[in-house]
Amino acid sequence: MGLPDYRRIHLRQHGGRDRVVFAPREDLLLQQRRALTEMRAAAARVGVRPSLWSHSQRGRSNISHAREHAGQALLITMDLQDFFGHVTTEMARATPLEVPDICFLEGVLPPGAPTSPFLADLAVAPLDAKLAKLGARYSRYVDDLAFSWSRRPAHVRAFVKEVEACCEAAGFPVNCRKTLVMPRCVRQVICGLVTNLSRGAPVRAPRKTWQQLRAAVNNLEADVWHLWSSKGIEWTKQFDQAKALVHHLAYCEPKKAEPYIERLKALDAWRDMR
């Protein structure tokens, strides 16, 4: 498959940097989804399982990834640089599964294809097994690595260097600028979720995220009349974004999310009346 089969999408990240995602066009997307179903079935038949330490697959998420490290004395998070771009055709086909060419873009896995997380998990499984033996509680969500200890280890810097060496040897270089060492006395964050135990919740969203949600819902309520104007499409887009955010937050703190869910339901009723 080549670039004409994909739409290049630039997503703005924290710090002002852009992340490029290649969204497959409709025909290719359907083929990739069919291939993913077939590869999962084949993996079950031959006993090929996704990495035990990965939270990128069905039934797991960034929330389950963060919960693995709740309330620990020390947390280290690290980031694999250009994760999918380092999974080559040879690496993805180093399993008994038959991987079709439609899963690749210019010899690597394209970020944005539905098949990429599954194949990347298979490719990185040997590295996961090695990192899990370094003496820390370990888990991974896509390209985000997390290590934690109930007691602070003696040689933190040496541990970080060892992880970097293991990843480099496996073909997955670490983005050292994103490495964070977080003792219990500071806010410990994994994938935007705070893991310091508080208010009885294992993980919670930062206060800033809740403030953003409250502002978004307030603006939607104040501007609901836009539904009957030329700004209706933009209002609907903002509504869908707020709805996705509140349902995500509900997995962390369901009681806190309930009032926002009810307010959005009321707004949804206005949308149905158009």
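The values are calculated or read from the model by the stated rules, or taken from the named source; none is laboratory data. None of these values were measured; they are calculated from a predicted model. Neighbour counts are summed over all protein chains in view; Cβ atoms, including those assigned to glycine, are modelled from backbone coordinates with ideal geometry. When the accessible area is computed, the model is the full protein with side chains, heavy atoms only, and any ligands, DNA or RNA have been set aside. Shrake-Rupley method; radii C 1.70, N 1.55, O 1.52, S 1.80 Å.
What the table shows:
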{"item": "Count of residues meeting criterion [out of contact with any Ser or Thr (no Cβ under 7 Å at 6 or more places or on another chain) and surrounded by 14 or more Cβ atoms within 10 Å (Cβ to Cβ)] in region 40-56", "result": "7"}
{"item": "Failed item, numbered, when G232 is tested on (1) surrounded by fewer than 19 Cβ atoms within 10 Å (Cβ to Cβ); (2) at pLDDT 95 or above", "result": "(2)"}
{"item": "Hey, S139 among the polar types (S, T, N, Q), crowded, with 21+ Cβ neighbours inside 10 Å and touching a residue at least 12 places away in the same chain (Cβ under 8 Å) or not", "result": "yes"}
{"item": "Filtered residue count, region 30-72, keeping only those that are over 21 Å from the mean Cα position of the chain (by Cα), assigned to a helix (DSSP H, G or I) and under 24 Å from C252 (Cβ atoms)", "result": "0"}
{"item": "Condition check for A113: in contact with a Pro (Cβ under 6 Å, 6 or more places away or on another chain) and not in a helix (DSSP H, G or I)", "result": "yes"}
{"item": "Flag for W210 being under 26 Å from I190 (Cα atoms) and open to solvent by less than 70 Å² (accessible area, probe 1.4 Å)", "result": "yes"}
{"item": "Selected residue (criterion: nearest to D268 (Cα to Cα)) from residues of region 213-229 that are touching a residue at least 24 places away in the same chain (Cβ under 8 Å) and open to solvent by 60 Å² or more (accessible area, probe 1.4 Å)", "result": "E221"}
{"item": "Qualifying residue in region 149-165 (condition: within 22 Å of the chain's Cα centre (by Cα) and polar (S, T, N, Q))", "result": "no"}
{"item": "Members of region 75-103 found to be open to solvent by less than 10 Å² (accessible area, probe 1.4 Å) and within 15 Å of Y6 (Cα to Cα), listed by number", "result": "C103"}
{"item": "Test: residue in region 30-50 that is of a type outside the set (A, V, I, L, M, F, W, C), under 30 Å from R152 (Cβ atoms) and either in contact with a strand residue (DSSP E or B) (Cβ under 8 Å, 6 or more places away or on another chain) or free of Cβ contacts under 8 Å to residues at least 12 places away in the same chain (or both)", "result": "no"}
{"item": "Subset of region 175-201 (residues that are at pLDDT 85 or above, open to solvent by less than 20 Å² (accessible area, probe 1.4 Å) and among the aliphatic types (A, V, I, L, M))", "result": "M182, I190, L193, V194"}
